[in-house]
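What follows draws every value from the coordinates through simple rules; no lab data is involved. Quick caveat: nothing in here was measured; it's all calculated off a predicted structure. FYI the Cβ positions are ideal-geometry reconstructions off the backbone, even for glycines, and counts take in every protein chain you see.
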Amino acid sequence: MNGNTQEPRQHGQHAARPPLIRELLLVVGLFLVYKLGRQLANGHTAEAFHNADRVWSFERAAHLPGEGAVQDVLLSSDTLVHAANVYYASVHFPATIALLVFLYLRRPRHYLWTRRALAALTAAALVLHLTFPLAPPRLLAATHLVDTAQVYGPSVYAAKPATDTMANQFAAMPSLHFGWALMVAIGLIAAVRSRWRWLWLLHPLVTLLVIVGTANHYWLDTIVATLLLGAALAVIRLPRSIEPATGFWRHLFPVPAPATAPHIADFHATPTPWTTPAAATLRTPPGSLTVADVLDAAPPRHIPVQVSRTPGSTSAVTSAVTSPQPVTQPLAHPVVTGAAR
């Protein structure tokens with residue numbers, strides 16, 4: 001995640017973050033509700049395989065590329081197919097969590113936007129999992145695809161869906177692997193300002209090839225996930241600001257109020273060292289000397305001045321200055337060539 005990122009400043013240097021404890025409880029709660037919902041959708045085996053036949057036939061009728069073309073590339077190398085299985089099993093959740101942590105710490109407004117979009121996408125996916133159970137292509141005999149996780153490992157699913165108590169293998173549509181990966185890329189592209197930010201699109205692209213190549217999803221699963229995410233982003237907009245916590249959450253994890261500039265009236269009401277109140281005029285303390293007293297008490301000063309009366313000749317005249325007096329003897333064009341010392 002690039003450090004050359006910028007966040008529009010709101011009412012101060014940094015935007016306030018939503019309360020941490022509230023966000024942790026909210027995210028964990030939504031995840032548990034989703035897992036519980038997937039488990040409730042488990043067990044519809046006959047319906048899941050019937051829907052799988054319909055999806056497979058629809059893709060062939062729509063002339064979508066076969067999933068087997070991607071799997072053939074993976075099966076050409078044991079290392080490549082094993083890496084794809086590891087990517088499928090280990091990148092999905094950590095990448096999403098890392099995105100939320102980064103946005104919460106560095107881009108609070110984008111965090112709220114991303115979290116809401118992920119919640120909306122996941123809720124819509126849960127509805128489809130409950131109403132349209134779908135067996136993945138690795139379990140459908142008509143696809144002639146290999147269950148790469150069971151053959152090459154590692155696998156996050158049990159060998160038989162009926163014995164899997166950790167996951168619902170009939171929740172193929174939509175693909176949250178792809179939907180979440182796409183939101184990770186969109187969230188980072190929107191939050192950062194680096195010119196390299198578009199490389200984050202490689203994450204959903206690699207995820208797409210992995211989930212199709214390992215026969216965990218159909219092409220149509222990713223298309224539906226993209227449409228659901230697009231609908232969520234069309235409704236959910238980036239918030240302009242973050243409202244401070246109130247009530248119970250304010251006491252658990254208070255959010256500091258954003259700094260604001262002081263009102264201009266505050267400057268007029270505050271006295272400054274260089275201003276004088278109107279009532280405090282200059283007054284002479286009793287018994288002090290005035291400026292005239294100081295000048296009268298000063299001794300006479302003799303300032304030598306050199307005056308030239310006629311061109312070519314000079315004479316030194318000493319003038320005793322005791323007080324400002326007008327000149328009583330005019331000079332004909334005097335030119336002062338000396339300065340008082």
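Of note:
- Taken one residue at a time, the phi angles of region 221-226 give Karplus couplings (6.51, -1.76, 1.60, θ = phi - 60°) of 4, 6, 5, 5, 4, 5 Hz. Gly and Pro are set to x.
- Between the amide H of residue 171 and those of 134, distances stay under 5 Å, these residues lying 5 or more places away or on another chain, with hydrogens modeled in the peptide plane.
- Between residue 46 and residue 201, the modelled label-to-label distance comes to 4.6 nm, taking each label 7 Å out from Cα in the direction of the beta carbon.
- Centre-to-centre separation between the Cα atoms of region 105-126 and those of region 200-216: 21 Å.
- Under the simplified labelling scheme, the residue 237-residue 159 pair shows an inter-label distance of 5.6 nm, with each label point 7 Å from Cα along Cα→Cβ.
- Peptides 226-237, 107-118 ordered by packing proxy, namely the average of other Cβ atoms within 10 Å per residue, highest first: 107-118, 226-237.
- Net lengthening on full extension, residue 105/residue 150 (0.36 nm per residue, minus Cα-Cα): 12.3 nm
- Cα-projected label distance for residue 53 with residue 130, points at 7 Å along beta-carbon direction, nm: 2.8
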